[in-house]
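Asker: Quick one: structure below, then a few questions.
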Amino acid sequence: MNRLFAVALIALSFATPALADTVLITGSDRGLGLEFARQYAAQGWTVIATARNPDTAKDLKTLSAANKNVSVERLDVSSDTDIAALAAKYKGKPVDLLLLNAGVLGDLNHESLGGLTRKDFHDVMDVNVFGALAVAQALRENVIGSKQKKIVAVTSGIGSITAAGRIGSGPYFYRISKTALDMAMQALAQDVKKDGVVVALISPTPSDTDMLATFHNFYGQGGMKSSSPADSVAKAIPVIAGIDQAKAAQGIVVADGSVLPW
Ligand SMILES: NC(=O)c1ccc[n+]([C@@H]2O[C@H](COP(=O)([O-])OP(=O)(O)OC[C@H]3O[C@@H](n4cnc5c(N)ncnc54)[C@H](OP(=O)(O)O)[C@@H]3O)[C@@H](O)[C@H]2O)c1
């Protein structure tokens, strides 16, 4: 009888597909976010791809139409209403990986000495820092209730204070925002460590997105090598998978697997 029961259990486990892990991505209608959605979907994850304007997110809608495991949701990370609505809709649903990717470079004319403005500072900080933190705060129970329990924010190496002297001049607010994002996530890491959640910062290798094109148009290429979003994300995904508490605490994890000091 016991043997029969065991055989039935084994048969059932083959018949029932394992529940896929879930990733929720902010800013996934273009650039790296869209590529993360594509590649996680291709790997069989359940993808909650969020965008400020789902109605005009053509590529994302095409991806979702072709993949049952991709759903598209509205989320402007600077909107408390959007954040609350998303959290309410997904209440009680696990999110294994919360990927805080949405970001803005800001108006570069107002991010150099002599042209700095308070409004531009607030606009960049609101999206890049508070936006990420507010989404993490609202969805933390979803992450705590998941298997992987991971929050990963997409930062930039040009926010590293250690590297500042080597990098030279650059957009003030964007750099400040990424440094602040790093600390925001470190503070969050301390609060959710007890729940087994890993909070990490990842810096993609330079990737040919609208953001990088705007950056290069303003500052010049400066010999910087870059790759397609597809290649950058293909590198980043296994690195994200391998991040644990110890690695996350070391500094900014670069998508090539190295770690840059804060
Ligand atoms: N590309 C690189 O080489 C590089 C290097 C280091 C770090 N990063 C970081 O990687 C992330 C993605 O950058 P990217 O290069 O893919 O830039 P991108 O092509 O400019 O895409 C930015 C994404 O963020 C979204 N976004 C902006 N404001 C938002 C808001 N308020 N709410 C929700 N989404 C918002 C955009 O949505 P809309 O289409 O609605 O504007 C878009 O989907 C950013 O955090 C960036 O700082 C990029």
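The values are calculated or read from the model by the stated rules, or taken from the named source; none is laboratory data. Because the structure is a prediction, the values reported are computed rather than measured. Reconstructed Cβ throughout: ideal geometry from the backbone, glycine too, with neighbour counts over all protein chains shown.
Asker: Applying the selection to region 26-51, what residues are within 13 Å of the ligand (Cβ to nearest atom), without any contact (Cβ under 8 Å) to a residue 40 or more places away in the chain and aliphatic (A, V, I, L, M)?
Answerer: ALA37, ALA49, ALA51
Asker: Would you check which residues across region 96-143 are polar (S, T, N, Q) and within 14 Å of the ligand (Cβ to nearest atom) and list them?
Answerer: If the condition is that a residue be polar (S, T, N, Q) and within 14 Å of the ligand (Cβ to nearest atom), then ASN101, ASN128 are the ones that fit.
Asker: OK, next. Report the residue count in region 55-66 for those that are touching a residue at least 12 places away in the same chain (Cβ under 8 Å) and buried (at least 17 other Cβ atoms within 10 Å of the Cβ).
Answerer: 4
Asker: One residue is enough: does region 218-241 have a residue meeting the conditions assigned to a helix (DSSP H, G or I), modelled with pLDDT of 95 or more, within 16 Å of the ligand (Cβ to nearest atom) and closer than 18 Å to LEU108 by Cβ?
Answerer: No, there is no match, as no residue in region 218-241 is assigned to a helix (DSSP H, G or I), modelled with pLDDT of 95 or more, within 16 Å of the ligand (Cβ to nearest atom) and closer than 18 Å to LEU108 by Cβ.
Asker: Further question: Is it fair to say ASP82 is out of contact with any strand residue (DSSP E or B) (no Cβ under 7 Å at 6 or more places or on another chain), within 10 Å of the ligand (Cβ to nearest atom) and either outside any strand (DSSP E or B) or under 23 Å from TYR174 (Cα atoms) (or both)?
Answerer: Details: out of contact with any strand residue (DSSP E or B) (no Cβ under 7 Å at 6 or more places or on another chain): no; within 10 Å of the ligand (Cβ to nearest atom): yes; either outside any strand (DSSP E or B) or under 23 Å from TYR174 (Cα atoms) (or both): yes.
So ASP82 does not fit the description; no.
Asker: Right, next: Mind counting the residues in region 144-156 that are surrounded by fewer than 22 Cβ atoms within 10 Å (Cβ to Cβ) and within 13 Å of the ligand (Cβ to nearest atom)?
Answerer: Total meeting the criteria: 0.
Asker: Need the failing condition index for LYS58 against (1) within 12 Å of the ligand (Cβ to nearest atom); (2) closer than 21 Å to VAL154 by Cα, just the number.
Answerer: (2)
Asker: Turning to a different aspect of this structure: For the structure I just gave you, tell me whether ARG52 is in contact with a helix residue (DSSP H, G or I) (Cβ under 7 Å, 6 or more places away or on another chain), surrounded by 17 or more Cβ atoms within 10 Å (Cβ to Cβ) and basic (Lys, Arg).
Answerer: No; evaluated as a whole, the condition is false for this residue.
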